[in-house]
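Data first, discussion second: the structure below is written as structure tokens.
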Amino acid sequence: MPDIVNLFLHSFGITDVLDIAIVALVTYKILGFVRETRAEQLAKGILIVLVAKVVANKCDLYTVDWILEYLINMGALALVIIFQPELRRGLEYIGRNNFIPNKQGNLDKDGARSVISTLLETANTFSVNKVGALMILERQTQLTDIAESGTYLNADISPELLGNVFYEGAPLHDGAAIIRNGRLLAAGCVLPLTQNKNLSKDLGTRHRAGIGITENSDAIALIISEETGIISVAVDGRLSRFLDLKSVERTLQKLYVASVGEQSRGLTKSIGSLFRKGGAHES
């Protein structure tokens, strides 16, 4: 027995530790991602099918085993179709890294705070006057395809401009406004609606669109209800309602300003890395 232990210890190296750590981390992240989405129920169903397959095989239930074998073999294609929104979200999450900064990321923290100040003033006015609005703050995931569904503006953001965009009866007031780097990129944009069936029936199309875009990207959706004037914020497919201006400010400071800082640090690290690599190559 000691010889086996010694042999194991001698053959177990740093690469094995790294291999196990990577697999454990990936498994942990996948399980966490599954739990945060509607994929959890589907994953439970798959687990039940696999368990039933093992039981049918052990108990010599040949017909049941054959049917389950067929279902599993065909399941790969079915999973791609069923999990398409979750797979897209997962791949976009993997692609959000700071080593390759967003080429549009030229907004500094002061600029981000200025955007927040403008949005707070606008949200307050809209809430008091019950003006419906859906404003999307782009972060690392670019929303160019969404912007193309609306009217391209690329204008300096201001309460007056947003007031004109969302004025009831204006041509663009029913769509979403996309904000990129402190500028109003486009308005009247069409967003994907959430597929979440557990939402309150009180939520209309505007709120469902705000949740939907945050399910498919890392954007932040600021929503003002036309019927009640209630201010809501959607992030990562989750909606926070009945917010006051202080709560909105804290949320945007935490998520939007922080993301700008992360992009700036990522750019600095990338440039520094290139210089270090260049110096090593020249030497």
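One residue stands out in the stretch 204-230 among those that are over 25 Å from residue 258 (Cα atoms) and among the polar types (S, T, N, Q): the one that is nearest to the chain's Cα centre (by Cα), namely 205.
Working only within the stretch 158-180, note down all residues that are buried (at least 18 other Cβ atoms within 10 Å of the Cβ) and farther than 14 Å from residue 147 by Cα. Before you say what the answer is, go through the steps one by one.
Start the filter on the stretch 158-180 by keeping residues that are buried (at least 18 other Cβ atoms within 10 Å of the Cβ), which leaves 162, 165-166, 172-173, 175-180.
Across the stretch 158-180, the qualifying residues are 162, 165, 166, 173.
When restricted to residues that are under 10 Å from residue 186 (Cα atoms) and under 25 Å from the mean Cα position of the chain (by Cα), the stretch 154-169 contains 1.
With respect to the conditions (1) under 20 Å from residue 123 (Cβ atoms); (2) touching a Lys or Arg at 6+ places or on another chain (Cβ under 9 Å), residue 140 falls short on a single one, namely (1). One residue is enough: does the stretch 220-231 have a residue meeting the conditions assigned to a helix (DSSP H, G or I) and aliphatic (A, V, I, L, M)? No, the stretch 220-231 has no match at all. Of all residues in the stretch 193-228, those satisfying the criterion of being out of contact with any Gly (no Cβ under 7 Å at 6 or more places or on another chain) and surrounded by fewer than 16 Cβ atoms within 10 Å (Cβ to Cβ) are 195, 197, 198, 199, 200, 201, 202, 204, 205, 227, 228. Residues that are in a loop (DSSP other than H, G, I, E, B) and at pLDDT 85 or above do not occur anywhere in the stretch 80-95. Does any residue of the stretch 35-45 turn out to be surrounded by 13 or more Cβ atoms within 10 Å (Cβ to Cβ), at pLDDT 65 or above and either over 27 Å from residue 239 (Cα atoms) or under 25 Å from the mean Cα position of the chain (by Cα) (or both)? Yes, that holds for at least one residue.
The values are calculated or read from the model by the stated rules, or taken from the named source; none is laboratory data. In this text, all values refer to a predicted model and were calculated from it rather than measured experimentally. All Cβ positions, glycine included, derive from the backbone under ideal geometry; neighbour counts span all protein chains shown.
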